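Here's the structure, in structure tokens; my notes come after.
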Amino acid sequence: MGAPKDYTEEEILLAIKGSAGIYTTIGNNLGCCSFTAKKYVEKYEETQIAYNCEKERILDLAESELIKHIEKGDQQMIKYYLSKIGKHRGYGDTIDIDMKSVNIVYLDKDDKEL
């Protein structure tokens with residue numbers, strides 16, 4: 001078995017392009033496993049930036065598709081968007097609790113404060 005290949009920064013950048021930020025895809029593009037691909041992506045600042053940009057590209061694509069569904073009146077997508085993005089306007093499916101302002105009182109079986 002030969003020594004492992006030492007990938008150049010340029011090779012890694014090319015492998016990242018169009019990978020959707022999936023290490024297995026990057027590895028396939030390089031001819032190595034996903035763990036090796038991750039190691040090389042993290043090796044250089046420029047490849048880390050390219051990787052993050054690739055992940056953001058896919059997130060933008062997903063958001064664009066979500067917006068298309070909202071514009072068509074898809075009620076499920078509208079509810080999803082409001083519950084995630086519209087939280088600051090009071091929409092959402094969770095309750096945020098500020099634990100700094102919570103006062104916990106422990107009571108005994110006769111409802112007397114301990």
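The values are calculated or read from the model by the stated rules, or taken from the named source; none is laboratory data. The shown structure was predicted, so the numbers you read here are calculated from the model rather than taken from an experiment. Cβ sites come from the backbone with ideal geometry, for glycine too, and all protein chains shown count toward neighbours. Side chains included, ligands, DNA and RNA excluded: accessible areas come from the protein's heavy atoms. Shrake-Rupley method; radii C 1.70, N 1.55, O 1.52, S 1.80 Å.
With a 1.4 Å probe and all protein chains left in place, how much accessible area per residue does the chain have, in Å²? Please list the in-between numbers first.
On the way: 9230 Å² over 114 residues.
I get 81 Å² per residue for the chain.
How many nm is it between the label spots at Val105 and Ile58, if each spot is 7 Å from the Cα in line with the beta carbon?
5.1 nm
Residues with beta-carbon under 13 Å from that of Glu71, excluding Glu71: net charge, scoring Lys, Arg +1 and Asp, Glu -1?
-1
Net charge near Glu54, counting Lys/Arg +1 and Asp/Glu -1 over other residues with Cβ under 13 Å of its Cβ?
Summing Lys and Arg as +1 and Asp and Glu as -1 gives 0.
Using square roots of five times the C-alpha gyration tensor eigenvalues, list the equivalent-ellipsoid semi-axes of the chain in whole Å, biggest first.
45, 26, 12
When the helix-only estimate is applied to the chain (DSSP H runs of n ≥ 4, each -39,500 (n - 2.57), divided by the residue count), what is the mean residue ellipticity at 222 nm, nearest 500 deg cm²/dmol?
One gets -16500 deg cm²/dmol as the mean residue ellipticity at 222 nm.
Quick check for the stretch 36-114: number of Lys pairs with alpha-carbon distance under 20 Å, counting only pairs 8 or more apart or on different chains?
Here the count comes out as 8.
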